[in-house]
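Remarks on the structure that follows.
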Amino acid sequence: NVEEVLNIPNLDAVIMALPLDVQPSFIPMVLERGIHVLSEKPIAPTVQIGKQLLQHYQSILNTQNKQKHVVWSVAENYRYEPALTRASKSILVDDDIGTPFLFRLYVGSPFTPDNKYLNTQWRKESSWGDGGLFVDAFVHASALLRLILPISSSSTTARISAITSSHAKHIPGVDTMITNVIYDPIQLSGSISATYACTHMKFELEVIGTHGTLHLSRNVDKPGYHLKVDSVKEGKSSNSWEEDFGFGGIELEFLGFAAHCQQLENDCNTPLEALKDLAFVEACLESGKNNGDFVILKEDDL
């Protein structure tokens, strides 16, 4: 019983992993009681619902006792995965590959008929249209690109063209997507191939810059990622390094949420970040429904 849980004495926080079509109704209920919330990604089934939730959360913060802060974070382990944060640092802080101008992302994640995640009622009969699985799963890829690519400039916009298709009869709606993205005016463009109708797991990201290349891939023979950077700076000989990373994002995102609740540090997984992750996915699906017509994401959505 939800009321019984929320009335537990000295309850500080709730971790919420509910079906996406009902979760949005529970998030405000908990926040309004002054209880911190870590909710499962994505933030909502649609950007519109996500914006409504974010506005409601902001109204709670505005009317709250200033001595009592309430935290809402949206779980996204990709923002905490050690390999991904190291790749972000390589590009955005260390300038290992210079100015990125081209990227390529491939995501092949098999959702076979016996997949335990696919065989949940809300994913199989999604109540928000043909993009149910993509809304739930591809939001990871959106978070990855937003973490690693230099697209946070106040003047950046994205032009997105996608072709979507369905190949696995057991997967409702869209299961495959080819997307081209152009970021203006920074002259960065790239392609994304994603499918959940495949038979084998494969994940690769390549980012090409003015003086180097970054390559990130999922390991096949062990858990985790492999990161390799090849760099040539100021005409010097090539400087390459590579490293393996284990998984660790889920543990670290819980620690980040707990630290934010205790006001020790800020959490990377803010609802605004989650809303922007979803906006990219929704733009891809919208373009796919219109046979690849460009959809524009403005700076506030990036």
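Odds and ends about this structure:
- Taking Cα Rg over 2.2 N^0.38 Å as calculated from this structure, the corresponding entry among [x] 1.03; [y] 1.12; [z] 0.94 is [x].
- Accessible area per residue for the chain, computed on protein heavy atoms with a 1.4 Å probe, is 49 Å².
- Of the residues 36, 52, 85, the one whose Cα sits farthest towards the positive end of the charge dipole of the chain is 52 (charges of +1 on Lys and Arg Cβ, -1 on Asp and Glu Cβ, taken about the Cα centre).
- Prolate/oblate/rounded call for the stretch 1-135, Cα gyration tensor, a/c under 1.5 rounded: oblate
- For the stretch 1-141, a simple Cβ point-charge model (Lys and Arg +1, Asp and Glu -1, everything else neutral) yields a dipole of about 240 debye relative to the Cα centre.
- Remark: the chain carries a charge dipole of roughly 220 debye about the Cα centre, counting +1 on each Lys and Arg Cβ and -1 on each Asp and Glu Cβ.
- Charge tally around residue 160: other residues with Cβ under 11 Å, Lys/Arg +1 each, Asp/Glu -1 each, net -3.
- The stretch 165-259 shape via C-alpha gyration tensor axes, a/c threshold 1.5: oblate
- The stretch 134-199 and the stretch 242-282 have their alpha-carbon centroids 20 Å apart.
- Carbon and sulfur %, accessible surface of the chain computed with the full protein complex present, 1.4 Å: 52
- Heavy atoms of residue 218: accessible area, 1.4 Å probe, square angstrom to 10: 70
- Dipole of the stretch 169-299 [Lys/Arg +1, Asp/Glu -1 at C-beta], most positive-end residue of 296, 283, 180: 180
- The angle between the Cα long axis of helix 249-261 and the main principal axis of the chain comes to about 50°, on a 0 to 90 degree scale.
The values are calculated or read from the model by the stated rules, or taken from the named source; none is laboratory data. Keep in mind the model is a prediction, meaning the values are calculated, not measured. Every residue, glycine among them, receives a Cβ derived from its backbone with ideal geometry; neighbour counts consider all protein chains shown. The accessibility values were calculated without ligands, DNA or RNA, using every heavy atom of the protein model including side chains. Shrake-Rupley method; radii C 1.70, N 1.55, O 1.52, S 1.80 Å.
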